[in-house]
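Taken together, the values in this text are just the output of simple stated rules run on the coordinates, not laboratory data. None of these values were measured; they are calculated from a predicted model. Reconstructed Cβ throughout: ideal geometry from the backbone, glycine too, with neighbour counts over all protein chains shown.
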Amino acid sequence: MSHNSRSSSFAIRSILVGLGFCLSAAMMPSAVAQSQSPAFGFQFQPPMLKGDFLGDPREFDFRAPPLPMCLTDRQIRNEIAARGYSAIALNVPNNKRIQVRASQAGWVYLLNFNFCTNQIEGRTRLRPANNAG
């Protein structure tokens with residue numbers, strides 16, 4: 001065997017070994033992904049912090065956790081009444097929120113109420129309440 005034929009067969013073997021290594025490495029992630037069994041778990045994610053990485057306590061953004069089940073119309077009326085409102089009228093629910101018109105302390109208010117977290121998210125004073133009728 002001559003020196004040139006050994007060099008060329010060595011080069012071909014090197015290329016084939018390198019190509020095989022590349023192909024096996026490329027197929028490795030899919031083999032690893034297929035071998036993993038499904039896992040179930042629970043994660044706790046703390047409320048959002050608006051400040052720096054450690055968080056400024058004055059910048060704490062508390063979001064009320066959702067209730068296990070959203071409130072019914074009757075439960076919404078009861079919760080609004082428990083906050084001191086009367087003459088309660090509900091609008092159409094939209095995306096876990098409902099607009100509520102209610103009176104308190106001589107004024108009529110429009111409340112934006114989240115019926116899944118039981119929170120009043122906004123309150124607009126509309127007009128003085130008509131107590132004569």
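A few notes on this one:
- Condition met for Q99 (over 18 Å from P66 (Cβ atoms) and over 24 Å from the mean Cα position of the chain (by Cα)): no
- Only residues that are surrounded by 12 or more Cβ atoms within 10 Å (Cβ to Cβ) and farther than 26 Å from N130 by Cβ were counted across the range 67-85, and they come to 4.
- Scanning the range 86-133 for residues that are surrounded by 15 or more Cβ atoms within 10 Å (Cβ to Cβ) and of a type in the set (V, I, T) turns up I88, I98, V100, V108, T117, I120.
- Matching residues in the range 75-91 - criterion: being over 12 Å from F115 (Cβ atoms) and in contact with a helix residue (DSSP H, G or I) (Cβ under 7 Å, 6 or more places away or on another chain): I88
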